[in-house]
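Derivation of every value follows stated rules applied to the coordinates shown; laboratory data play no part. What you see is a predicted model, and the numbers here were worked out from it, not measured in a lab. As a convention, Cβ positions derive from the backbone with ideal geometry for all residues, glycine included, and neighbour counts pool all protein chains shown.
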Amino acid sequence: MSKVSLRVAGLKVHYRTLRGDVKALDDVTFAVADGETMGLAGESGCGKTTLGKSLIRLDGRMRHVDGTVELDDEELPIGDTARMNDFRFREVFIIPQYAMSAMNPTRKIGKMTKELLESRGVRFETVRTELKRRLELVGLAHDVLDRYPIELSGGMKQRMVMVLSTLLNPSLLVADEVTSALDVSTQRAVAETLVDFRDRGFVRSMIVITHDVSLVYQIADSIMVMYAGKLAEKAPTDVIVDSPRHPYTQLLISSLPEVGVKYADKRLTGIPGSPPSLLDPPAGCRFRDRCPLAFDKCSEEPPFVEVEHGHYVACWKA
Amino acid sequence: MATTSLAGKPEAERCCTVDRVSMVYKIGAFGGTDLPAVRDVSFEVRAGEVVSLIGESGSGKTTLGKMILRLCPITGETITVDGVDISTFKRRRLKTYYRSVQGVFQDPFSSYNPIFKADRVFSMIKDEYFAEVNAAEWRRKVAASLEAVRLSPDEVLNKYPHQLSGGQLQRILIARALLLDIRLLVADEIISMLDASTRIDVLNLLADLKAQGLGILFITHDLSLGNYVSDKTVILRRGRIVEMGAPDRVFGNPLHPYTKSLLTSVPQLHRKWERVEAELAAGRAGLTGRCIYHERYPNGDGPVGLDAERPTLAEAEDDHFVACFQADGEETC
């Protein structure tokens with residue numbers, strides 16, 4: 001993992017609301033290496049979905065304020081929806097949250113696929129064999145193409161969506177909560193399919209967005225933790241789970257009950273307080289109010305710096 | 001009804017006993033097809049005990065909770081709470097029943113009416129059950145109940161649901177249940193919508209309530225949550241119990257193939273899937289081709305239920321029961 005695939009620098013994305021701008025992403029800088037699967041974890045409202053979306057398509061309320069996104073040394077025009085059309089689906093693609101519920105219920109899946117491809121100027125016939133090969137790989141019969149989405153189970157729909165999103169071998173795939181509405185056994189199958197797609201070269205790098213740290217621990221090479229619109233920590237998976245440096249990551253990991261941990265033996269604690277409002281975020285470290293280690297210096301904003309090879313932390317105490 | 005349960009506890013300590021209940025939903029355009037959601041399920045919740053009901057979607061776990069709350073009819077045999085059969089309760093008797101049994105559900109945001117303040121749930125309890133209590137006395141009672149769920153009354157009273165976090169809303173619902181003198185709480189997926197940093201607080205709260213003698217039926221799809229607070233684990237599959245017992249036995253030494261496959265799929269921290277699989281495969285070696293249930297009851301057609309005549313579960317070790325390894329029970333193994 002030497003070559004860098006995705007490079008995000010100083011990215012700021014705000015949501016316009018009547019009460020002012022919500023600073024959902026504030027000065028986000030990171031890189032994803034070629035072939036890397038990065039897990040993006042955090043609680044609701046921390047900006048993880050916003051980050052995923054801003055790499056592909058900004059919706060009407062989102063405003064690109066500052067910063068650049070480079071994919072394979074080419075700058076993505078993320079603020080320009082029309083110009084992004086050349087990159088979407090081919091170079092970078094997203095499986096949005098609830099994608100499996102977003103399939104057109106009045107179209108057969110095959111027809112929907114065809115329409116989707118043709119809207120991007122790709123003839124369906126040219127990819128038909130490859131599509132069938134990939135359906136087999138994920139264990140779906142060819143006749144799913146003649147079925148309506150309602151006839152498929154959640155796991156089948158999710159696998160169909162995964163095949164569809166990677167059909168043109170994008171360089172980067174963003175998978176947003178792809179496993180969250182599924183049963184545990186299906187969840188595992190879907191997660192392993194993602195890894196398999198990467199290994200087969202259908203996608204080169206991936207960002208897997210989830211609120212479930214234990215899931216990305218299973219499949220990701222590295223994990224990035226966000227808090228209140230900022231990056232808190234990024235490191236190789238084992239480092240994040242075994243020796244996190246940011247107090248937020250430490251508290252988050254220690255608040256997760258595991259199979260085998262009993263209340264009577266070890267009482268876990270949550271993180272007191274709640275995240276700050278992003279309408280008018282406090283100056284300095286945004287975790288300061290909930291942080292047990294906070295001291296005077298935390299009123300200044302800590303930079304997101306590399307403390308060890310591949311381990312980035314935004315904390316004065318790290 | 002048997003006079004002693006399998007674990008030999010006297011009748012008095014039992015809080016809720018579910019005895020061989022079933023539920024069949026009619027599906028299809030004219031209700032012509034039967035969908036058995038719960039089949040011959042028996043278990044009990046004692047006072048001061050958390051029982052985790054774990055299953056994937058469609059396992060019947062929510063239906064069981066609804067039956068105990070009388071939100072759907074009880075078919076099959078009976079459910080008794082404190083020794084009284086609850087299946088025939090109507091109106092006044094049912095209202096009295098809800099003084100002792102209450103439920104909290106998955107989505108805290110849709111449990112509230114968004115156009116009213118969140119504390120309306122308290123005044124509704126007052127109007128229904130405590131009309132004679134005077135206002136000052138009631139305020140004191142609400143405050144005490146909020147403190148029991150570790151919320152400060154100033155923080156949460158007089159606010160609308162959107163001004164409170166999911167964890168706070170869920171705890172207000174528990175506080176509402178505590179205003180009544182409840183003996184049993186049915187908690188259906190109450191923390192699955194909460195963030196990691198707040199869900200553990202709600203779990204700890206359940207543990208505290210249990211210590212005060214409340215019986216809790218904790219319904220979840222998440223095995224790691226089912227383990228943390230519970231005294232007994234019940235694993236359901238397609239409406240049947242496949243394995244039941246003390247959590248450290250069920251999770252430490254899973255016997256049923258379905259329980260094992262669930263355990264190998266749960267994402268765990270500090271243990272990768274391959275490792276869990278390898279460990280379980282090692283433990284499974286001695287069980288290949290065996291079925292503990294049929295070893296115990298070779299005729300197979302044996303008994304059904306927790307009471308001794310027709311158990312569907314065989315006792316594999318102390319406080320650890322397992323069903324036939326052909327999990328559907330229709331095929332023979």
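Taking every DSSP helix (H) stretch of at least 4 residues in chain B, weighting each as -39,500 (n - 2.57) and dividing the sum by the residue count yields a mean residue ellipticity at 222 nm of -10000 deg cm²/dmol. The modelled label-to-label distance between A:VAL4 and A:THR81, using points 7 Å beyond Cα along the C-beta direction, is 3.0 nm. Here the sum of -39500 (n - 2.57) over DSSP H runs of 4 or more residues, divided by the residues of chain A, equals -7500 deg cm²/dmol at 222 nm, to the nearest 500. Paramagnetic label reach from B:ALA211 (point 7 Å along Cα→Cβ; backbone nitrogen cut-off under 16 Å): within segment A:263-301, residues A:263-270. Close amide-amide hydrogen proximity is noted between B:LEU255 and no other residue 5 or more places distant or on a separate chain, at a cut-off under 5 Å (H modeled in the peptide plane; Pro and chain starts excluded). For segment A:10-150, lysine pairs separated by 8 or more sequence positions, or belonging to different chains, with Cα-Cα distances below 22 Å total 8.
The listed peptides A:257-268, B:90-101, B:64-75, B:198-209, ordered by packing as a protection proxy, come out as B:198-209, B:64-75, A:257-268, B:90-101 (highest mean of other Cβ atoms within 10 Å first). Rounded to the nearest 5, what % of DSSP beta bridges with both residues in chain A are antiparallel? Around 60 percent antiparallel, to the nearest 5. Its residues counted as N, segment A:207-318 yields a C-alpha radius of gyration over 2.2 N^0.38 Å of 1.09. Which log10 I(q)/I(0) values, to two decimals, does segment A:191-260 give at q = 0.15 Å⁻¹ under the Debye formula with one point per Cα? Cα-only, vacuum Debye calculation for segment A:191-260: -0.53. Note on segment B:166-219: percent of Cα-Cα distances in each 5 Å bin, starting at 0 and stopping at the bin with the largest distance, equals 5, 19, 34, 28, 11, 3, 0. DSSP H helices in chain A with Cα extent of 20 Å or more along the helix axis and mean Kyte-Doolittle hydropathy at least -0.5? Once both thresholds are applied, what remains is A:184-199. Of interest is the spacing of the C-alpha centroids, which for segment A:67-92 and segment A:257-307 amounts to 34 Å. The Kirkwood hydrodynamic radius of segment B:66-154, based on inverse pair distances between different Cα atoms, is 15.5 Å.
With the Kirkwood sum run over all distinct C-alpha pairs, segment A:60-204 has a hydrodynamic radius of 16.2 Å.
Computed over Cα pairs, the Kirkwood radius of chain A leads via Stokes-Einstein (1.002 mPa s, 20 °C) to a diffusion coefficient of 104 µm² per second. With a Förster radius of 30 Å applied to the C-beta separation of B:ALA136 and B:PHE116, the computed FRET efficiency comes to 0.85. Express in % the proportion of alpha carbon pairs of segment A:1-80 at distances exceeding 15 Å. The proportion of pairs with Cα distances above 15 Å equals 57 percent. Once the convex hull of all Cα atoms in chain B is built, its volume per residue stands at 158 Å³.
Taking the DSSP beta bridges with both ends in the protein assembly as shown, the antiparallel portion is around 60 percent. The P(r) of the protein assembly as shown has a tail past 36 Å containing 46 percent of all C-alpha pairs. Run a plain Debye calculation on segment A:1-137 (Cα atoms as equal point scatterers, no solvent) and give log10 I(q)/I(0) at q = 0.14, 0.16 Å⁻¹, rounded to two decimals, same order as the q list. The calculated log intensity ratios at q = 0.14, 0.16 Å⁻¹ are -0.81, -1.01.
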